[in-house]
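Below: the structure, in structure tokens.
The values are calculated or read from the model by the stated rules, or taken from the named source; none is laboratory data. Bear in mind that the values here come from a model prediction, so they are computed numbers and not experimental data. Neighbour counts are summed over all protein chains in view; Cβ atoms, including those assigned to glycine, are modelled from backbone coordinates with ideal geometry. What goes into the accessible areas is simple: the full protein's heavy atoms, side chains included, and nothing from ligands, DNA or RNA. Shrake-Rupley method; radii C 1.70, N 1.55, O 1.52, S 1.80 Å.
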Amino acid sequence: MQYDVVVIGSGPGGYVSAIRCAQLGLKTLVIEKYKTFGGTCLNVGCIPSKALLDSSEHYHNAAHSFATHGINVKDLKVDMPQMIARKDDVVAQNTAGIQYLFKKNKVDSLEGVGSFVDKNTILVTKADGKTETISTKNVIIATGSKPTALPFLPIDKKRIITSTEALNIKEVPKTMVVIGGGVIGLELGSVYARLGTKVSVVEYLPSIIATMDASLGKELQRVLKKSLGMEFYMNHKVTGATAKGKTVTVNAENAKGEAVSLEADYCIVAVGRTAYTEGLGLEKIGITLEERGKKIPVNAHLETSVKGVYAIGDVVAGAMLAHKAEDEGIFVAETIAGQKPHINYNLIPGVVYTWPEVASVGKTEEELKASGIAFKAGSFPFKASGRAKASMDTDGFVKVLADAKTDEILGVHMIGPRVADMIAEAVVAMEFRASAEDIARICHAHPTFTEALKEAALAATDNRAIHI
Ligand code: FAD
Ligand code: NAI
């Protein structure tokens, strides 16, 4: 069989790229080694984690804020098997959706592991050991990533687990240690803390979500401690963990070099993800991985050192995010079709789906200071928002950073209710190179959370916020 494009991997990078290729008239095949399409994101990432975050948020609200709203619930309890079953159903709906989209767009698919014979020939090895050889003009590698393991900390997948197993615990643990105060640790830690688990986060750095604007991590840590009782062991380097029966002991070293030991029912290791290239046979076509991060090196067209072989998503440099993978998938499809697409890497938003949510786009205050760019900052706290008072979601703020001379918005950083959705307005504004005053003069519906962005923009403009 001769294809224009073979895509290896059906995550958000691969499946979106395949659909765009087909839309552009390219004969396209997707090879996926997993039984269902959708990769990490749909099967064990974005979608199942958000399903559990939603369920646990409902429970937490029913337990802690319904009474204040005047709603009394008797005999409230968590039905964990049902919560997991609903999550599985959400995943099944989404993965089946990809199957439907492939059919609709006439994208072919094969189940098996794809590996290079040469740059135009891909061997597909199926679960039963049978093989099939495919010829293609172009290849898009979209094989994603897997959880990073610490060399001194073996994961037994029972008590010492990764995010994948953490999506399937069929009980509410009494205690849990999360290694890593990054996105996965805080999202999954929140799920269990909301359900009643005592969650302790052990983080190597002095702040959580350390790659985002420093003010966000500070506020999130304060709120998670206050509202969910999460404990934070900052500046702690984990040195090992052992599981004995139903108990895990996690050993760490604090900033003074003293040994600290924590016991829990489960330990989630969430210290980042590593590019996944095993079994691809990259050596057969002469691709060498980057020393740091083991990513596939690509040029500005996302083409590898081999002509006609592209790589996208988690397997290449940059943010390990589903929407970044999707945009790169579209970019490569259009490049192969002879178009001249563009990605603005500065404007890829980052979101953490805790409560309050955290969302960010553009430069952080720390980045602007480090690069010597003069800027103005305007903030607006949700406690001054009428909408936030009505829903009792008054933690957090919106911060707008704008160029001191031109007023162009350089960064927007938010923590608060529904900011995961609110950040889109900032991305659009920045893509059109809006000034802070542009947002300040645009009419925002009242009462909405989005008014906080308008007020922060007013504050950045000339300290003109109305409601603080
Ligand atoms: P993947 O989604 O990893 O897909 C790669 C696919 O390739 C897999 O299906 C794999 O089986 C297949 N494959 C690998 N090798 C081969 C081979 N040789 N042959 C055939 N198939 C192969 N990102 C967000 O933007 N928002 C979120 O809310 C979010 N939440 C997350 C929550 C969790 C718990 C995790 C773990 C991740 C989350 N992410 C989130 C990150 C997101 O899942 C990834 O950035 C995204 O899935 C990367 O897409 P991808 O297409 O590059 O690779
Ligand atoms: P991460 O990089 O966000 O966080 C890992 C944390 O672990 C860091 O803060 C790091 O300092 C810490 N750490 C590393 N080694 C340690 C040690 N020995 N002891 C203590 N702490 C240690 O990685 P995470 O949370 O695993 O997520 C992986 C990827 O998945 C991220 O790149 C993220 O983009 C993506 N993701 C995105 C989500 C979203 O968009 N909402 C949700 C979940 C994951």
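Grab the Cα-Cα distance for Lys246 and Gln82, subtract it from 0.36 nm times how many residues apart they are, and report the gain in nm with one decimal. Working shown, then result.
Details: separation 164, 0.36 × 164 = 59.04 nm, distance 2.31 nm.
Between Lys246 and Gln82, full extension yields 56.7 nm more.
Carbon-plus-sulfur fraction of the accessible area of segment 160-271, 1.4 Å probe, in percent? List each step's numbers first, then the result.
Numbers: 2390 of 4590 Å².
After summing per-atom areas, the C and S share lands at 52 percent.
Counting each DSSP H run of 4 or more residues in the chain as -39500 (n - 2.57), what helix-only mean residue ellipticity at 222 nm follows after dividing by all residues, to the nearest 500 deg cm²/dmol? Could the numbers behind the result be given before it?
Numbers: 13 runs with 152 residues, N = 468.
Taking each H run of at least 4 residues, the total per residue is -10000 deg cm²/dmol.
Antiparallel versus total DSSP beta bridges in the chain: what percent is that, nearest 5?
Values: 50 of 81 bridges.
Here the share of antiparallel DSSP bridges comes out near 60 percent.
Take the Cα of Ala374, step 7 Å along the line toward its Cβ, and report every residue of segment 383-408 whose backbone nitrogen sits under 16 Å from that point.
Backbone N within reach: 402-408.
Per residue, how large is the accessible surface of the chain? Use a 1.4 angstrom probe and give square angstrom. It would help to have the intermediate numbers written out before the result.
Numbers: 21740 Å² over 468 residues.
Counting only protein heavy atoms, the per-residue value for the chain is 46 Å².
In nm, to one decimal, how far is the modelled label at Lys237 from the one at His301, with both set 7 Å along Cα→Cβ?
Each label point is offset 7 Å from its Cα along the Cβ direction, giving 4.5 nm.
Sorted by mean Cβ packing within 10 Å, highest first, what order do the peptides 435-447, 413-425 take? Before the final figure, lay out the partial values.
Numbers: 435-447: 16.3, 413-425: 22.5.
Averaged packing, sorted descending, gives the order 413-425, 435-447.
Along the charge dipole of the chain, which of Asn138, Tyr310, Leu282 sits closest to the positive end, that is, farthest toward it, with unit charges on the beta carbon of Lys, Arg, Asp and Glu (+1, +1, -1, -1)?
So the residue we want is Leu282.
What is the gain in length, in nm to one decimal, between Glu111 and Thr148 on full extension, counting 0.36 nm per residue of separation less the C-alpha to C-alpha distance?
Details: separation 37, 0.36 × 37 = 13.32 nm, distance 2.53 nm.
Result: 10.8 nm gained on full extension.
Under a plain spin-label model, where a point goes 7 Å from the Cα along Cα-to-Cβ, how far apart in nm are Lys137 and Thr68?
6.1
If you average the alpha carbon positions of segment 50-121 and of segment 384-431, how far apart do those two centres end up, in angstrom?
What the calculation gives is 28 Å, centre to centre.
Whose amide H sits under 5 Å from the amide H of Ile140, counting only residues 5 or more places off or on another chain, with H placed in the peptide plane?
Val6, Val7, Ile8, Tyr310
Report the extension gain between Asp403 and Ala390 in nm, rounded to one decimal, defined as 0.36 nm multiplied by the number of residues separating them, less their alpha carbon distance.
1.3 nm
Express the carbon and sulfur contribution to the solvent-accessible surface of segment 356-460 as a percent, rounded to the nearest whole number, probe 1.4 angstrom. Walk me through the numbers on the way to the answer.
Working: 2450 of 4390 Å².
Looking at segment 356-460 in its full context, I get 56 percent from C and S.
Just to confirm a number: summing +1 for Lys and Arg and -1 for Asp and Glu over residues other than Asp213 whose beta-carbon lies under 12 angstrom from that of Asp213, what do you get?
Working: positive: Lys218, Lys363, Lys369, Lys399; negative: Glu219, Glu365, Glu366, Glu367.
The answer is 0.
How would you rank 164-173, 379-388, highest first, on the average number of other Cβ atoms within 10 Å across their residues?
Numbers: 164-173: 17.5, 379-388: 19.9.
Order by mean packing, descending: 379-388, 164-173.
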